[in-house]
Amino acid sequence: MNAEERRAIDPILERLDTYGLGRRQFVKLLAGSAAALTAAGALTAVGRRSEVHGDAVAYTDGQFALLNWSATGDYQVQWAKAYQEAAAQLGYKSVVLDGKSDAAVQSNQFNQLLTQKTTAIFVGLNDAGALPTLAHDSNDRGVLFQAAWNSPAWYTPWHSDPAGNKYNSFLMPDEYVAVGKAVDVLAKKIGEQGTVVRVGGYYPSIDGCEVQRRLAVHDTLKKYPKITFAGELHAKYDVDLSQRAAASLLARYPDTVGIVAVNDDVATGVVAGIEAAGKVPGKDVFVVGANGSTAGIDRIVAGTQLVTTGNVPAYPSFVTIAQFHDRLNGWKPEAAERFYSWHAEIITADNVQPFKARYVDGPIGESFDVKLLSRVEHPHDFDLQFDAYPVENLESIWPGVPKPKDFQLPEAYVNAQRNGDFDRIRALYADHYRTPVLAPSPYQKV
């Protein structure tokens, strides 16, 4: 990129507050957008955007969109189906777009949604660096916005506030804690000794999810001096790449007795790699997964996977639809509610059956009750249906990740902390965890 191009791009980055997004990333995203804008043209287009001020939503009767990472993978399929089911139960039109694991494709899809009659967008990003721009543009166009799982390091919903109030909240379960507990299960199973390896997602990565899951493995295994962590390979959450990674690790470390997969989709490839190596998963090599996806639960029942973190793929979609509905009906999250997390249930052979009955065997649209999640529909007896909590400790989301230069905590976050709002919301959420995760669904029982 020459000096003239940099001079054109840098003002756009500053104007859009593209926090954590580099010049090359931004040009790549522009290349995949609906119009192949030149840098100067992009700045002009930004200046011409129609702005929606205050609490107004551009279209209260438009579509609820989900920008999915891709259409493949057990987690993504369940996530998307739950989004559509929850929207339908509240009478909203929904659309799910396949991001094809490509940041430019997602950018194009997002820009197209902004030209259509769109009320709200929920996104799982292929490129975390795009989040600040998407939040900015959603605010600009009066489109409700929510994100989950993937965010630039140290970028929070509070950072979007100068552009407006449409970025509702960011969702991520307690990855570091949950994966650590799952690794503890593995350690006990192998008698706290032997060789363990890992198959990860993207690395190096500024994605908080990968950071937390990776560090959870490393930090937890430090408690077990007789366990050797031999190595890890990263397979981009792809099943085929994960199979090859597992086979390569087993060839390199033939004494391996445990493999930690970054999620249950990756565990699918890991189990295949173990079998291809002539070993028996669940006997010769024990597998750890995450997310509580259908395939992972089925493998726990079959004995080929030891444990998963049951955060339930459907849950963030149900929460998001409920919050979009509530926003359209006058509710807004308090500052302390903008970073939403929940404690995953650790699923093993001991408790897999009730989990399977509710989240795998039952209809996905009935796994949670979206109306009970709604603060408008049930203002006094809403039921979070998971042990949820507001994220106050940002270090727990990006452990060991340095803060960006000149980083400052957002004013809304600081005020909420100073006023004790996080403590109050924690107590509120604890009081409104009414239906345990492993209990039958409350759907249509109220």
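The values are calculated or read from the model by the stated rules, or taken from the named source; none is laboratory data. For clarity, every value in this text was computed on a predicted model and none was experimentally measured. The protein model used for the area step is the full one, side chains on, heavy atoms only, and it has no ligands, DNA or RNA in it. Shrake-Rupley method; radii C 1.70, N 1.55, O 1.52, S 1.80 Å.
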*Any lysines with Cα under 28 Å of the LYS405 Cα? List them, leaving off those in the same chain fewer than 8 positions away.*
LYS28, LYS166
*Once the piece of chain linking LEU241 and THR115 is laid out straight, how much longer is it, given 0.36 nm per residue of separation minus the C-alpha distance between them?*
41.7 nm
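Could you please state how large a percent of the accessible area of the chain is carbon and sulfur, counting protein chains only and using a 1.4 Å probe? Walk me through the numbers on the way to the answer.
Working: 8990 of 17800 Å².
Percent of accessible area from carbon and sulfur atoms in the chain: 51.
Share of Cα-Cα pairs in segment 306-363 beyond 17 Å, in percent? Provide the component values of the computation, followed by the final result.
Working: 859 of 1653 pairs.
Counting pairs separated by more than 17 Å, the tail of P(r) holds 52 percent.
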*Straight-line reach from LYS223: which aspartates and glutamates have a Cα under 15 Å away, not including same-chain ones fewer than 8 places off?*
ASP184, GLU192
*³J(HN,Hα) across segment 278-284 via Karplus (A = 6.51, B = -1.76, C = 1.60, θ = phi - 60°), whole Hz, x for Gly/Pro?*
x, 10, 10, x, x, 10, 7
*Considering the values (1) 1.20; (2) 0.98; (3) 1.06, which represents Cα Rg over 2.2 N^0.38 Å as calculated for the structure under consideration?*
(2)
*ARG434, ARG244, reordered so the largest accessible area comes first (probe 1.4 Å)*: ARG244, ARG434
*Within the set LYS189/LYS445; LYS222/LYS283; LYS236/LYS332; LYS236/LYS356, which residue pairs have Cα atoms separated by over 29 Å?*
LYS189/LYS445; LYS236/LYS332
*For LYS93, go through the aspartates and glutamates and keep the ones whose alpha-carbon is under 13 Å away, minus same-chain ones fewer than eight residues off.*
ASP61, GLU85
*asked:* Taking 8 Å as the Cα distance limit and 6 or more residues as the minimum spacing, I'd like the relative contact order of the chain as a percentage.
replied: 14
